[in-house]
1. Which one is modelled with the highest pLDDT among residues in the range 6-21 that are among the charged types (D, E, K, R), part of a helix (DSSP H, G or I) and out of contact with any Lys or Arg (no Cβ under 9 Å at 6 or more places or on another chain)?
2. Among the residues of the range 22-65, count how many are modelled with pLDDT under 75 and hydrophobic (A, V, I, L, M, F, W, C).
3. Report yes if Gln2 is loosely packed, with under 11 Cβ neighbours inside 10 Å, assigned to a helix (DSSP H, G or I) and at pLDDT below 90, otherwise no.
4. Keeping to the range 18-58, report how many residues are in contact (Cβ under 8 Å) with a residue 40 or more places away in the chain and among the hydroxyl-bearing types (Ser, Thr, Tyr).
5. When the residues of the range 30-56 are filtered to those that are charged (D, E, K, R) and under 12 Å from Ile13 (Cα atoms), which remaining residue is surrounded by the most Cβ atoms within 10 Å (Cβ to Cβ)?
Amino acid sequence: SQNYEPEFKKEIICLHLEESRSLKGLASEYGIPKASISVWTEQFRVECQTNEEDKAEYDYMKKKL
């Protein structure tokens, strides 16, 4: 099982949510299981609802892309 850095996960999530990139396309491009991206996205949505720091970090990532 591969471990990915939190920054990398957030970048992938950002590409998916902000640029409407498909899970299938991202999985193919980055060699990540589609299910992993789906789980990361859902976990991140929950974190953003309860953790202001995570939300701020996500907003910062959006600006970088």
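1. Going residue by residue through the range 6-21, those that are among the charged types (D, E, K, R) are 7, 9-11, 18-19, 21.
Right, trim to part of a helix (DSSP H, G or I) and you get 7, 9-11, 18.
Still in the list and also out of contact with any Lys or Arg (no Cβ under 9 Å at 6 or more places or on another chain): 7, 9-10.
Working: Glu7: 87, Lys9: 93, Lys10: 87.
The selected residue is Lys9.
2. Residues flagged as modelled with pLDDT under 75 and hydrophobic (A, V, I, L, M, F, W, C) within the range 22-65 amount to 2.
3. No, not satisfied.
4. 1
5. By that ranking, first place goes to Lys34.
The values are calculated or read from the model by the stated rules, or taken from the named source; none is laboratory data. Bear in mind that the values here come from a model prediction, so they are computed numbers and not experimental data. Here the Cβ is made from the backbone with ideal geometry for all residues, glycine too, and neighbour counts use every protein chain on show.
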